[in-house]
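After the structure tokens below, expect a handful of questions from me.
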Amino acid sequence: MPDLKTLEAWFVTGSQHLYGDATLRAVLAHSNEIAAALSRSHQIPVQVVAKPVLTTPDAIRDLCSEASASRNCIGVIAWMHTFSPAKMWLGGLRTLTKPMVHLHTQYNADLPWDTIDMDFMNLNQSAHGDREFGFMVTRLGINRKVVVGHWADPEVHRQLGAWSRAAAGWRESQQLKVARFGDNMREVAVTEGDKVEAQMRFGYSVSGFGVSELACAVQQVSDAETDRLVEEYEECYRVDESLRRGGPRHNALRDSARIELGLRGFLEAGGFRAFTDTFQDLPGLNQLPGISVQRLMADGYGFGAEGDWKTAALVRTMKVMSSGMTGGTSFMEDYTYQFNHSHRVLGAHMLEICPTIAAERPTAEIHPLSIGGRSDPVRLVFTAPSGPAIVASIVQIGDRFRMILNEIDVVQPDRPLPKLPVARAVWVPRPNLQIAAAAWIYAGGAHHTGFSQSLTTEHMEDFAGIAGMEFLCIDSDTKLRDFRNELRWNEAAYS
Ligand code: MN
């Protein structure tokens, strides 16, 4: 996973030359102090880098071009300490291709009622300076987040931290390469889509490969490498007796290890950080990849089953956004329901749930898949811990992309699941299963999602905002009639 501290948010302060050098020196000192404080905040995962105070159209244009070209700059935090006439910003803002957050703050938290004079009034003008700037950004139709509050307030840090993570995810999306082994599961609709449109909108590229190429990479894995990985499996997991050395099915564990090594090598060689496969296209592989996909996800790879490249890219983006946070992120599917009494969703997949959401040490087990016609696959089995989480889905509705998010509460299964041979999470959707599932279905949300116990709605909403993507949230406040109206209004808004 990338270390987000290697990335930079540029702190950009606007002013003008009307107030004299002493004022501008104070503006610069305050700007540096605020940037340093934000950079130190444990809630903001990136470095906040102070840039010179901007007072002319040329300096603004140069800074915006530099930010757009910088590899490590995830975006710009803009603040107008004094008034900074916004026509100066027009040209620069038009060239800025990085995300922006507008921090509407003031150096002084307190208004000095007894001593306030015209010097103070000339220096502390963000209350109106930021409004002038805001007008220009709105007039230009530029997406940005607006954060209001004193710069030392932890709530301000929290909001800037969420934006920083979304902007880091956006940076990843621009450079992400997704590999698809085989095509889509036949006849499935929601996992299809326009990959050119996705690349135009999100930046990531999606490339297809014959499964035979993957099978070839798997065949080239050496016995020594396989031995080492099998040992690692036995150290990391409670490996079922039958799969251990000397056990009757040990060869299946070795086959799994070979698949992991082949798959990992293929992805590394091609610079891919997300991938898909499909159980309908496995020539040359003797099992559907299970434990290998689970472990690759745990190492930060995005995954989508049945050719679902949109979810693979989403899961990778969410992994980067949540880097360093507690709680895991996984590919997920709404699998089956408890409809009486407790109204719960059992989330799982055929195999591919990420062990970063395991509450306990996973077991490595082998069971029939009853689908796909290959040998039994090895998989990690575990249950997700209780607590708040989100599930998010990106679908393509006509020529636009829509993100649908549901806030959920993961709970423990009502009873043990002794015969369920897959990893699982059990949850109660907010506000409840009836409203959440109806809203999700009205919105056209997919059955595959990115599930996270670290990210929150704010992270995903900020990401959708940066992407200029429609965002629909189903949470404890959702009322079905309002939600359906929102869908109708969005049809008009996005047409
Ligand atoms: Mn599926």
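Could you pull out every one of the strands (runs of 3 or more DSSP E) wholly within region 317-424 that has 1 or more residues that are β-branched (Val, Ile, Thr) and within 16 Å of the ligand (Cβ to nearest atom)?
Values: elements: 329-338, 344-348, 363-366, 378-381, 387-397, 400-411.
Hits in region 317-424: 329-338, 344-348, 387-397.
Can you name the condition, by its number, that ILE397 falls short on among (1) surrounded by 18 or more Cβ atoms within 10 Å (Cβ to Cβ); (2) under 22 Å from the mean Cα position of the chain (by Cα)?
(1)
Something else now. Look through region 445-495, keep the residues that are among the aliphatic types (A, V, I, L, M) and over 17 Å from TRP163 (Cα atoms), and return whichever of them is surrounded by the fewest Cβ atoms within 10 Å (Cβ to Cβ). Break it down stepwise before answering.
Residues of region 445-495 among the aliphatic types (A, V, I, L, M): 446, 455, 460, 464, 466-467, 469, 472, 474, 480, 487, 492-493.
Keeping just the survivors that are over 17 Å from TRP163 (Cα atoms) gives 446, 472, 474, 480, 487, 492-493.
On the way: ALA446: 23, LEU472: 22, ILE474: 27, LEU480: 15, LEU487: 17, ALA492: 7, ALA493: 9.
Only one residue tops the list, namely ALA492.
Given the residues GLY290, GLY324, which is the only one that is of a type outside the set (S, T, N, Q), within 15 Å of LEU380 (Cα to Cα), modelled with pLDDT of 95 or more and touching a Pro at 6+ places or on another chain (Cβ under 8 Å)? Talk me through it step by step, then tell me what you get.
Numbers: GLY324 fails: within 15 Å of LEU380 (Cα to Cα).
Testing whether each residue is of a type outside the set (S, T, N, Q), within 15 Å of LEU380 (Cα to Cα), modelled with pLDDT of 95 or more and touching a Pro at 6+ places or on another chain (Cβ under 8 Å) leaves just GLY290.
So which residues in region 450-471 are part of a loop (DSSP other than H, G, I, E, B) and among the aliphatic types (A, V, I, L, M), if there are any at all? Let's see the steps before the verdict.
Quick first cut of region 450-471, residues part of a loop (DSSP other than H, G, I, E, B) only: 453-456, 468-469.
Of everything in region 450-471, those that are part of a loop (DSSP other than H, G, I, E, B) and among the aliphatic types (A, V, I, L, M) turn out to be LEU455, MET469.
Here is a follow-up. Taking region 271-308 as the search range and keeping residues that are within 13 Å of the ligand (Cβ to nearest atom) and assigned to a helix (DSSP H, G or I), which one is farthest from LYS195 (Cα to Cα)? Explain how you work it out, then say what you get.
At the first step, the residues of region 271-308 found to be within 13 Å of the ligand (Cβ to nearest atom) are 276-280, 288, 293, 303-308.
From what is left, the residues that are assigned to a helix (DSSP H, G or I) are 293, 305-307.
On the way: VAL293: 23, ALA305: 17, GLU306: 16, GLY307: 12 Å.
Checking each candidate, the answer is VAL293.
One residue is enough: does region 67-78 have a residue meeting the conditions among the hydroxyl-bearing types (Ser, Thr, Tyr) and touching a Lys or Arg at 6+ places or on another chain (Cβ under 7 Å)? Step through it out loud before you land on a result.
The initial filter retains those residues of region 67-78 that are among the hydroxyl-bearing types (Ser, Thr, Tyr), namely 68, 70.
Then keep just the ones that are touching a Lys or Arg at 6+ places or on another chain (Cβ under 7 Å); that gives 68.
Taking every residue of region 67-78 in turn, at least one turns out to be among the hydroxyl-bearing types (Ser, Thr, Tyr) and touching a Lys or Arg at 6+ places or on another chain (Cβ under 7 Å).
Any residue at all in region 275-282 that's surrounded by fewer than 24 Cβ atoms within 10 Å (Cβ to Cβ), over 18 Å from ARG228 (Cβ atoms) and modelled with pLDDT of 95 or more? Give the derivation first.
Of region 275-282, the ones surrounded by fewer than 24 Cβ atoms within 10 Å (Cβ to Cβ) are 278-282.
With the extra rule that they be over 18 Å from ARG228 (Cβ atoms), the set shrinks to 278-282.
Next cut, modelled with pLDDT of 95 or more only: 278.
Yes, region 275-282 has at least one match.
Select from region 431-449 the residues that are within 16 Å of the ligand (Cβ to nearest atom) and in a loop (DSSP other than H, G, I, E, B) and list them in ascending order.
Start the filter on region 431-449 by keeping residues that are within 16 Å of the ligand (Cβ to nearest atom), which leaves 440, 445-449.
Correct list: GLY445, ALA446, HIS447.
Quick grid of which residues meet (1) over 28 Å from LEU4 (Cα atoms); (2) under 30 Å from the mean Cα position of the chain (by Cα); (3) surrounded by fewer than 20 Cβ atoms within 10 Å (Cβ to Cβ):
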residue: HIS81; (1), (2), (3): no, no, no
residue: THR95; (1), (2), (3): no, yes, yes
residue: ALA127; (1), (2), (3): yes, no, yes
residue: ARG131; (1), (2), (3): yes, no, yes
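Being touching a residue at least 60 places away in the same chain (Cβ under 8 Å), surrounded by fewer than 24 Cβ atoms within 10 Å (Cβ to Cβ) and not hydrophobic (A, V, I, L, M, F, W, C) narrows it down to one residue among GLN412, GLN338; which is it?
Working: GLN412 fails: touching a residue at least 60 places away in the same chain (Cβ under 8 Å).
Criteria check complete, one pass: GLN338.
Considering only residues that are among the aliphatic types (A, V, I, L, M) and loosely packed, with under 15 Cβ neighbours inside 10 Å, which ones fall in region 35-61? Outline the logic, then answer.
Restricting attention to region 35-61, the residues satisfying the condition of being among the aliphatic types (A, V, I, L, M) are 35-38, 44, 46, 48-50, 53-54, 59-60.
Matches in region 35-61: ALA36, ALA37.
Does ALA179 qualify as being of a type in the set (A, V, I, L, M, F, W, C) and either touching a residue at least 40 places away in the same chain (Cβ under 8 Å) or in contact with a strand residue (DSSP E or B) (Cβ under 9 Å, 6 or more places away or on another chain) (or both)? Show your work before the answer.
Working: of a type in the set (A, V, I, L, M, F, W, C): yes; either touching a residue at least 40 places away in the same chain (Cβ under 8 Å) or in contact with a strand residue (DSSP E or B) (Cβ under 9 Å, 6 or more places away or on another chain) (or both): yes.
So ALA179 passes the test.
Which one of the conditions (1) within 16 Å of the ligand (Cβ to nearest atom); (2) surrounded by fewer than 24 Cβ atoms within 10 Å (Cβ to Cβ); (3) of a type outside the set (Val, Ile, Thr) does LEU314 fail to meet, given that it meets all the rest?
That leaves (2) as the condition not met.
Mind checking which residues of region 171-194 are in contact with a Ser or Thr (Cβ under 8 Å, 6 or more places away or on another chain) and either assigned to a helix (DSSP H, G or I) or not aliphatic (A, V, I, L, M) (or both)?
Filtering region 171-194 down to residues in contact with a Ser or Thr (Cβ under 8 Å, 6 or more places away or on another chain) leaves 172-173, 176-185, 191.
Within region 171-194, GLU172, SER173, LYS177, ARG180, PHE181, GLY182, ASP183, ASN184, THR191 qualify.
Show the residue pairs that are 6+ apart or on different chains and have beta-carbon atoms under 6 Å apart, the first residue being within region 441-464 and under 20 Å from THR326 (Cβ atoms), the second being in a helix (DSSP H, G or I) and within 16 Å of the ligand (Cβ to nearest atom).
Short answer, once both residue conditions are applied: GLY450/LEU314; GLY450/VAL315.
List pairs: first in region 303-321 and more than 25 Å from LEU7 (Cα to Cα), second near the ligand (Cβ under 10 Å from one of its atoms) and assigned to a helix (DSSP H, G or I), Cβ under 7 Å, 6+ apart or cross-chain?
GLY304/THR311
The values are calculated or read from the model by the stated rules, or taken from the named source; none is laboratory data. Given the structure is predicted, the values throughout are model-derived calculations rather than measurements. Heads up, the Cβs are rebuilt from the backbone with ideal geometry, glycines too, and the neighbour counts pull from every protein chain shown.
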